[in-house]
Amino acid sequence: MTDLNFANWIERQVYWLLAVLDNFPLWPVQTCARVAVGLVFLQSGLNKLESWEPTLAFFRDEYRLPFLSYDLAAQLGTTVEVTASLFLLAGLFARLATLPLLGMIAVIEIFVYPQAWVEHLTWASLLLLILLRGAGLLSVDHLLARGAVKRAVMRA
């Protein structure tokens, strides 16, 4: 094989690989994103519920949000973490569930742990994928959408 033929062969292989990657379904990535972020926030919320007094002390002494009392912030934060993460894990109203979590990440990044931007950016990126592209094939949202399409077709 000449150098030119080998270069052409390599080029064809690269284009073939890129075509395969371009056509790879997105739903496994969406599912992994939902599960990864959902489990992080669910575990955090469950830890807070498990030991409420230390949670209150944590919000009072460490978080110190300037616009909410520490007890209200603890209640809101824990509720959002548990509720939104359960919706994410199920893929039920997943796009809506990303919004309070993105807000929570912004508050934590701005007011509490600005040095943890890499971790926050990772979580936010996964949540933005879900917000922009949906929960994916393995989700309640997908099942509901399929049912709605079937009903619409049957009415037509």
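Worth pointing out:
- Taken over region 44-63, residues that are closer than 13 Å to Phe111 by Cα and either in contact (Cβ under 8 Å) with a residue 40 or more places away in the chain or small (Gly, Ala, Ser) (or both) amount to 2.
- Considered as a group, the residues in region 7-41 that are of a type in the set (S, T, N, Q) and over 30 Å from Gly134 (Cβ atoms) include one that is surrounded by the most Cβ atoms within 10 Å (Cβ to Cβ), and that residue is Asn8.
- Filter pass, Leu4 being farther than 30 Å from His142 by Cβ, modelled with pLDDT under 90 and of a type in the set (A, V, I, L, M): yes
The rows are residues; the columns are (1) at pLDDT below 95; (2) buried (at least 18 other Cβ atoms within 10 Å of the Cβ); (3) acidic (Asp, Glu); (4) not in a helix (DSSP H, G or I).
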{"position": "Gln43", "(1), (2), (3), (4)": "no, no, no, no"}
{"position": "Leu72", "(1), (2), (3), (4)": "no, no, no, no"}
{"position": "Glu81", "(1), (2), (3), (4)": "no, yes, yes, no"}
{"position": "Ser85", "(1), (2), (3), (4)": "no, yes, no, no"}
{"position": "Ala97", "(1), (2), (3), (4)": "no, yes, no, no"}
{"position": "Phe111", "(1), (2), (3), (4)": "yes, no, no, no"}
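- Per-region count, region 44-79, residues of a type in the set (Lys, Arg) and more than 23 Å from the chain's Cα centre (by Cα): 2
- For region 115-149, the tally of residues that are among the charged types (D, E, K, R) and in contact with a Lys or Arg (Cβ under 7 Å, 6 or more places away or on another chain) stands at 0.
- Yes/no for Leu76 being buried (at least 19 other Cβ atoms within 10 Å of the Cβ) and under 16 Å from Leu42 (Cα atoms): no
- Restricting region 113-156 to residues that are polar (S, T, N, Q) and surrounded by 13 or more Cβ atoms within 10 Å (Cβ to Cβ), the residue that is farthest from the chain's Cα centre (by Cα): Ser139
- For region 45-70, the set of residues classified as polar (S, T, N, Q) and surrounded by fewer than 17 Cβ atoms within 10 Å (Cβ to Cβ) consists of Asn47, Ser51, Ser69, listed by residue number.
The values are calculated or read from the model by the stated rules, or taken from the named source; none is laboratory data. Since this is a predicted model, take the numbers as computed values, not measurements. Glycine gets a Cβ as well: all are built from the backbone with ideal geometry, and neighbour counts include every protein chain shown.
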